[in-house]
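Written out below as structure tokens is the structure these notes cover.
Where a number appears in this text, it was derived from the coordinates with a stated rule and is not lab data. What you see is a predicted model; the values in this text were computed from it and never measured. Glycine also receives a Cβ, built like all others from the backbone with ideal geometry; neighbour counts cover every protein chain displayed.
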């Protein structure tokens, strides 16, 4: 496929204001908030910026819970084993070991901070099970509002120190690009503050280190469970600046998203995997439980297995969705355990206590992202990443249910400690940014629907060589347009989506096998002989170079 040149910057106005801090943290989900709060205790000044308001990220929408070996009968080793199976051979085992070993301590710290998880009559945290887990290890809050509760607790902790001069928050701030010094080190960001923030227009925030916790790229598809802010801004800025990205082709499509009809776009209502964990099951139009016999865990198989099974059954029957049956769980149980889901279903005209729910896979989580080591460091000095925007090696080819909140929590703490230690040793010294060149580009915001349709058709839940090639060519043509677009939030987001979509599609085309979140209809089998490894992306002056790194050579 032809090379596509990726300019270093997005077109934007000249910065009209500046600010500085020891560290800039971008994003206010569990990763960003945790990192900022821990950094505040260790460095002189932290700047936390978020795209809209503090509570608007993906953490707020996490229904199922947070996975950790909290039960005395469970163990980190068992959690590790389940994670490795879900990752289909591509997890970094040491990264997973960090996750499952440090995870229980970090969850208990959340409780100490004020997060209120659902508890049994005995006072112990209630634990449930989700797909791919062989133990009950999912802690939840408010039945199905775990993310909202964690977000509340972290924001309240932030509010308790809001008058501390050591931490500043800027809301309604979109990161446009990363600033880099002569040696390529990251030394700040350019920001656009959208009207309601403390500053107006484009500005520069200088720092010794930048932490990107900007979430996923779900809006690159027509249908996603991600919020509207999930436009891959951090990943795209890192790619333009020269950071290495990896595993972009492994996109998790959640199996059970409410089907609202053909052509429905934007953020779609999720039916948490925890509903199946409590006993709901999938059926086709004829009422057949098609997951039986396909996997030892049937309806609780890993998400990639269930999503592929649903798509296969839809192909076989000609249907555009399947059904989730939870009627046998009863009205009282459903309303107590899943109050938010039940209420949302009823708003849409379905009662899960008495009716089958129409469901189909939709984009849910990006397992790949900015390649990082076990301290959260990217390949650019001074740039860190955590949460969904990072590729820590924890998820491999497919994320195990409810490991995402835990990953953000664990690695945010590691990043904060590493930055503080390096500053203490005299590393991460301030640098002067290289002035931007004048070759910046911007795709018109009106092209977003074209990007989303192209990605959904060519690089969606099921892929082929023909489809990925057509999608790649279409994105190349879009990005080659001589745009006269006026810099706006929508235009920056659209350009970020198109650039990431191009890299993702190149990887989806190259990987000629089916593994985890990547399904090739023309290569339906897993191929360890040729594809037990990772595809990395790195911007060069002329293109985005893609390279293959074998699993045995990919230690962090």
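Principal axis lengths of the stretch 362-484 from Cα atoms, whole Å, largest first?
51, 43, 23
Rank these for me by crowding, 127, 248, going from fewest to most other beta carbons within 10 Å.
On the way: 127 22, 248 30.
Neighbour counts put them in this order, fewest first: 127, 248.
Dividing the alpha-carbon Rg of the stretch 146-239 by 2.2 N^0.38 Å yields what?
So the Cα radius of gyration is 1.23 times the expected 2.2 N^0.38 Å.
Taking the Cβ of each residue in 333, 253, 411 as the centre, tally the other Cβ atoms inside 10 Å and list the residues starting with the fewest. Write out the running numbers ahead of the final one.
Numbers: 333 14, 253 27, 411 30.
Going from sparsest to densest Cβ surroundings: 333, 253, 411.
How far is the Cα center of the stretch 264-316 from the Cα center of the stretch 64-107, in Å?
A separation of 24 Å, based on Cα centres.
Give me the mean projected area, in nm² to one decimal, of the convex hull enclosing the Cα positions of the stretch 335-421.
7.9 nm²
With 10 angstrom as the radius, rank 283, 107 by how many other C-beta atoms surround their C-beta, starting from the fewest.
On the way: 283 17, 107 23.
Neighbour counts put them in this order, fewest first: 283, 107.
For a test of the definition: using alpha carbon positions, the gyration tensor, and the 1.5 limit on a/c, classify the stretch 1-159 as rounded, prolate or oblate.
Oblate.
Report the gain in length on full extension from residue 453 to residue 93: 0.36 nm times residue separation, minus Cα-Cα distance, nm rounded to one decimal.
Working: separation 360, 0.36 × 360 = 129.60 nm, distance 3.60 nm.
Extra length from residue 453 to residue 93 when fully extended: 126.0 nm.
Hey, if you drop one equal point scatterer on each alpha-carbon of the stretch 441-516 and run the Debye formula without solvent, what base-10 log of I(q)/I(0) do you get at q = 0.18, 0.24 Å⁻¹?
Values returned for q = 0.18, 0.24 Å⁻¹ are -0.65, -1.00.
Any idea what % of Cα-Cα pairs in the stretch 258-361 are farther than 17 Å?
Considering the stretch 258-361, 50 percent of its Cα-Cα pairs are separated by more than 17 Å.
Compute the distance from the alpha-carbon center of the stretch 399-444 to that of the stretch 161-190, in whole Å.
Centre-to-centre distance over Cα atoms comes out at 10 Å.
Along the principal axes of its C-alpha atoms, what lengths does the stretch 487-555 span, in descending order and rounded to whole Å?
For the stretch 487-555, the Cα spread along each principal axis is 46, 27, 21 Å.
How much length, in nm to one decimal, is gained on full extension between residue 343 and residue 477, taken as 0.36 nm per residue of separation minus their Cα-Cα distance?
Roughly 43.9 nm would be gained on extension.
Return the whole-Å distance between the Cα centroid of the stretch 225-263 and the Cα centroid of the stretch 534-548.
Taking the Cα centre of the stretch 534-548 as reference, the centre of the stretch 225-263 is 19 Å away.
Show me, bin by bin at 10 Å from 0, the whole-percent P(r) of the stretch 416-468 based on Cα pairs.
Histogramming the stretch 416-468 at 10 Å steps yields 18, 19, 17, 22, 24, 1 percent.
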